[in-house]
1. Taking the Cα atoms only, what angle lies between the long axis of helix B:310-328 and the longest principal axis of chain B, rounded to 10 degrees?
2. Which three extents, in angstrom, do the Cα atoms of the protein assembly as shown have along their principal axes, listed largest first?
3. Could you grab the relative contact order for chain A? Cα pairs under 8 Å, six or more apart, rounded to a whole percent.
4. About the Cα centre, and with charges only on the beta carbon of Lys, Arg (+1) and Asp, Glu (-1), how big is the dipole of the protein assembly as shown? Nearest 20 debye, please.
5. Relative contact order, percent, of the range B:144-207 when contacts are C-alpha pairs under 8 Å separated by at least 6 residues?
6. Going down the list B:LYS232/B:LYS258; B:LYS232/B:LYS324; A:LYS112/A:LYS264, which pairs span over 27 Å between their C-alpha atoms?
7. Could you tell me how far the Cα centroid of the range B:166-210 sits from the Cα centroid of the range A:146-161, in Å?
8. Could you name the aspartates and glutamates in cross-link range of B:LYS211, using Cα to Cα under 20 Å and dropping any fewer than eight places away on the same chain?
Amino acid sequence: MQELIKNLGLIINATLVATPPLLYAALGSTFSERSGVVNIGIEGMMTIGAFVGAAVAHFTSNAWLAFLCGGLVGALFGLIHAIVCVSFGADQTISGTAINFLAPGVAIFVCKALFEQSSDTPPLDTAQKLPKLFNGVFEVGSFWNNVLNTYVATYLAFVAVAVVWFIFYKTRFGMRLRAVGEHPKACETQGINVFRIRYIAVIASGFLAGLGGAYVTLCTVSQFRPAVIVGQGFIAIAAVIFGKFTPQGAMRACLLFGLCNGLKVLLGSSNVISPNLISMIPYVVTIITLVLFVGKSRVPAASGKPYLKQR
Amino acid sequence: MKHKNKNNETTQNIVNNVKHDLLQQNALYTIIAIFFGFVVGGIFLWSAGFNPFEAYAKLFSSVFSRPKYLIWSVIYATPLIFTGLSVAFSYKMGVFNIGAEGQFVVGSLAALCVGILVDMPPVLHAIFCILAAFAAGMIWSFLVAVLRVRFGINEVLSFIMFNWIAFYLSNYIVNTETIHKVGGGEASKDIRESARILLPQSVQNILQNDKANYGFFLAIIAAVAIWFILSKTTLGYRVMAVGLNPHAAKYGGINSNKTMYIAMSLSGALAALGGAVQLMGNSMRISQFAGQEGFGFQGITVALIASSNPIGCIFAGLFYGAMKYGGSKLNLIDAPTEVIDIIMGTIVLFIAISHVFRYLITKRLQKKEDK
């Protein structure tokens, strides 16, 4: 029993640690999807966020500043995506693909330029990483320590869900954002600036994706490597679809996918199930849900369609 | 006098027409995009303290200075021509095959399994491997077509999911007991000699390259075949009709669902062939992936540069292959190889907004003429 509770604690902890990067990115994806812009560049934005986070933390030893910078550089690539897709009306999938080339390319290029040809940043000390909440409050190895003693940024991710939910459903901006994703033309006749709302949404999606990337290097991995972001961005996109394009739904999906990751960590050493098979679960589950609940997860009507200003 | 004036006018008109034709050509805007790609790459190199001209000269000379290097560029280009064709073909039908990555992986996996587990005489074995890859890619992409046609699921989403399923499937199979190389680190066994598609030793010696293989010829055959299908067959006509206007195609009596099934399967098979050729002609084994290898995504770039023209894919593939090979030599002057990704990403971005350039240039021309 003792062992079971301890393992349970470890699984919950692994889930809590693995969920936030997905969650930040998924919230970002929700923002841009609901405004009618598909952003598959999330993966690339996370990668560059991860790099900038690690690099800034290495040079300044200020983890919070690094976390913020990771978000900002993601926002910068969000801005590029917005210019290309919103202002110029380019194909959103192609633009996202380009960003998935560009952002990791820039990240590794700058990394090699800064750190003597190495594509990895030097490992961060514990002091340079983001702090843990409840550090030393509980006994080491106890259930509550395993469950609750995790990074502040982990808790922040869940706070962010509430904030995004509030923005979406309780503010005028959120209402407009959702409307723009459904019927931009009608919005424009109502005097809503479609372009401005989409710009804000896409930049916000880049910012959140960047935070998700920075979380990985500043909390879990403690250094940037080219393969530090492998598919988290795409899992986040899957989570958004799975969660029916709402922040709270995305959170539930991310927790489920985070649990897969928790199981992978725990079972990985035991050789019972191959970790590779567990890694497939988020993707398979997403496909199956889409098949089983056809029409339930309704894509915003204007999603993926460039909008040209009416003259 | 009047007559002469009229004559002048016609010449002027012809000149203008030629100008307009040129401006309507995609090639012009592709060249503009490539130019900007190199400019942006140059800015990055310069700000990192490298002389961009020196780096580009190195890039150029690593490709062209020796026949051996040129052959390497061709070897690098071969899988990209296949994935480029795959993306280009489905794009003609209005389907964006972002799943070429996964189809490529299952193709090479199928070829790997047949190449290791089956014992067959030389030429037959290779053909069998290629057929296995073809079938695997077809099925992989067909499933996505079913999801779209039967369940109305956006193919871009399912392609992305299938890419990652293929990714982990590959890592899983590579680590199974029968496939994994004993004590071989994180890779599979090598495929049997009989499954390889290397050129004969004598030809390799002339080319000074021990990885020279038949893949490129297969790629050219595939490109011509796709060109033929698109421009000379009913299937091609249907594909283009669905791509241009699905409703009109349906109204015209084309079974767009059936066309979708066939064309997406074929598109998947093409990408899978790329995987097979890369395995059987170059890598001979599959290593455990740390991240996506990108052949499929690079195929998207190839197709965009080629404006989805199958024959154009050969040249666009060669361009990308040369960039990849030349780029891998940039570390000799300590410049990061990733500048290639930056250049290519920028090219894709600028091709995506090429209609803006078209608009600006034609508008300017119009103004000039009006004066």
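1. Compared with the principal axis, the helix lies near 70 degrees.
2. 100, 72, 58
3. Once divided by the residue count of chain A, the mean separation gives 37 percent.
4. Working: 49 positive and 27 negative charges, 505 e Å.
With Lys and Arg at +1 and Asp and Glu at -1, about 2420 debye.
5. Relative contact order for the range B:144-207 comes out at 14 percent.
6. Too far apart for the 27 Å limit: B:LYS232/B:LYS324; A:LYS112/A:LYS264.
7. After rounding, the separation between the Cα centres reads 45 Å.
8. Qualifying aspartates and glutamates at Cα under 20 Å: B:ASP190, B:GLU193, B:GLU293.
Taken together, the values in this text are just the output of simple stated rules run on the coordinates, not laboratory data. Note that this is a predicted model, so its numbers are computed, not measured. Virtual Cβ from ideal backbone geometry, glycine too; neighbours counted across all protein chains shown.
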